[in-house]
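Since every read-out is calculated from the coordinates, none of them should be taken as a lab result. Bear in mind the structure is a predicted one, so any value in this text is a computation, not a measurement. No Cβ is skipped: glycine too gets one built from the backbone with ideal geometry, and neighbour counts run over all protein chains shown.
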């Protein structure tokens with residue numbers, strides 16, 4: 001996807017996911033961040049998303065701003081694989 005540019009490093013059978021870099025489209029990054037914050041506002045609807053279990057577990061251990069960035073990164077990666 002043209003604006004997300006999520007980085008990753010692979011070694012053996014382990015993939016280390018990086019952050020959303022600032023190389024891509026600034027507006028698209030902002031939309032991913034706003035979408036993540038909108039999802040975080042409604043915890044009762046997390047279960048209906050494919051990443052619901054991950055989000056519930058991450059919410060227990062991460063600060064809400066870190067969680068929003070992690071969710072935006074996940075949304076960017078999902079968007080990379082499903083462009084339409």
Inset, instruction - Report the extension gain between residue 80 and residue 13 in nm, rounded to one decimal, defined as 0.36 nm multiplied by the number of residues separating them, less their alpha carbon distance. - result: 22.0 nm
Legend entry - Inter-probe distance in nm under a simple model that places probes 7 Å from Cα toward Cβ, at residue 37 and residue 60: 2.8
